[in-house]
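First the structure, in the form of structure tokens, and then the observations on it.
The values are calculated or read from the model by the stated rules, or taken from the named source; none is laboratory data. Only a predicted model underlies this, so the values are computations on that prediction, with no experimental measurement involved. Backbone-built Cβ (ideal geometry, glycine too); neighbour counts: all protein chains shown.
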Amino acid sequence: MVDERISRLARLTVEYSIGVKKDELIGISAPAFAEPLVLELTREIIKAGGYPYTRIYLPRTQEIFYKYAQNHQLDYVNPLMLDMIEKVDGYIVIYSSDNRKALTNVDPAKQARAAKAQTELQERFTARLKQGWYALVPYPSPSLAQEGNMGTEEYEEFVYHACLVDKPNPVKLWKKISEKQAKITAYLNTKKMVRFESTDVDFSAKVTGRNWVNADGHLNMPDGEVFTSPIEDSVEGTIRFSYPGIFMGKEVEGIELTFKRGVVVKGTAEKGQDLLNHILGIDEGAQRLGEIAIGTNPGITKFTKNILFDEKLTGTIHCALGNGFEEAGGKNKSAIHWDLLANMTKDGKIFADDELFYKNGKFLMMVIEAK
């Protein structure tokens, strides 16, 4: 018998996140062990009148690739993937892992070279995001549970609670979240400057003319954030990130970045300095912020080393080095988009045009709704 939470997650994805319509071609990309969710997604797509197209892969193929790939293979861009991005009406990617440490010992230079080669693919993908064609959804696994320091069942409960599919009508609940966050983005879209302060954070960014996006479950599931792309040369100050940065399965700890005129002028790490240097050197865009965001999901209360959840962690902000978001007005281009988190629950304050609207991890809704 299928876990009802998996069935609800599939319905939520097809009905709410993607909004599948009759005669639409919907791609599903998933590891082989996520079969239960793939089957339920297939069922829901067919019930909606669409055409499911499944792309099932074996996770260990990445290990084999990085072990044997020559330079011309690291530089290769698969034309079938480029074609698929253009032709499918919707694309669902199931995020999971059976070994979070699979790429730990891969040469960072090889990873950086492969990432840089995918710039065109990344640009085409990003351009289509505004069309509401994509959804990233989780599938719990023992490996992810271990990474998050949880038992397998405990982690399943955590995942499904964060997606609200442990409740009878998650679509209705996500619609309510969307309405609340719409008020926040409407407020921020009238502002020219934002400033972030805490025990570890002291930086500002101009956002004039940029769009704050309501991340309400139509792109990622779980969701829960508001974000924008700052004006590229405007970021000033220092950010010490509270949590490790995870890049292709490797951890960089104690990251501190100092920005001047939007560019990282100093980047240090307590652990993983070489990898941090490689990331910052991938391309020019990797030295600028493509995103600033505020996490809003109250069901996510602990760091799990899984960015799909962690970037929505209540009481945090996150900043991404690299590619900006077209729907937010971002112009920064890069082969990467690397999210890094900072805790805002300790003396945390966020100002918009010098008006305090967020304190110690919570929005001051009276301020926001008064505007």
- Task: Residue by residue through the range 87-101, note down the ones that are modelled with pLDDT of 85 or more and surrounded by fewer than 18 Cβ atoms within 10 Å (Cβ to Cβ).
- Result: Lys87, Asp89, Val93, Asp98, Asn99
- Message: Just to be sure before I move on: is Gly329 within 24 Å of Gly224 (Cα to Cα), in contact (Cβ under 8 Å) with a residue 60 or more places away in the chain, small (Gly, Ala, Ser) and buried (at least 22 other Cβ atoms within 10 Å of the Cβ) in the structure I sent?
- Response: no
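So that you can scan it fast, the table gives a plain yes or no per residue for (1) in contact with a Leu (Cβ under 8 Å, 6 or more places away or on another chain); (2) in contact (Cβ under 8 Å) with a residue 60 or more places away in the chain:
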| site | (1), (2) |
| --- | --- |
| Ile64 | no, no |
| Asp75 | no, no |
| Val93 | yes, yes |
| Gln111 | yes, yes |
| Thr126 | no, yes |
| Trp133 | no, yes |
| Tyr139 | yes, yes |
- Message: Please go through the range 10-38 and give me each residue that is assigned to a helix (DSSP H, G or I) and within 18 Å of Ser97 (Cα to Cα), ordered by number.
- Response: Ala32, Phe33, Ala34, Glu35, Pro36, Leu37, Val38
- Message: Just to be sure before I move on: is Val14 buried (at least 19 other Cβ atoms within 10 Å of the Cβ) and assigned by TED's automatic domain parsing to the domain that holds Leu136 in the structure I sent?
- Response: yes
- Task: Sort through Ala162, Ala112 and tell me the only one that's in contact with a Gly (Cβ under 9 Å, 6 or more places away or on another chain), surrounded by 15 or more Cβ atoms within 10 Å (Cβ to Cβ) and more than 21 Å from Thr296 (Cα to Cα).
- Result: Ala112
- Note on the structure: The residue that is nearest to Asn220 (Cα to Cα), considering only those in the range 168-179 that are free of Cβ contacts under 8 Å to residues at least 40 places away in the same chain and surrounded by 15 or more Cβ atoms within 10 Å (Cβ to Cβ), is Ser178
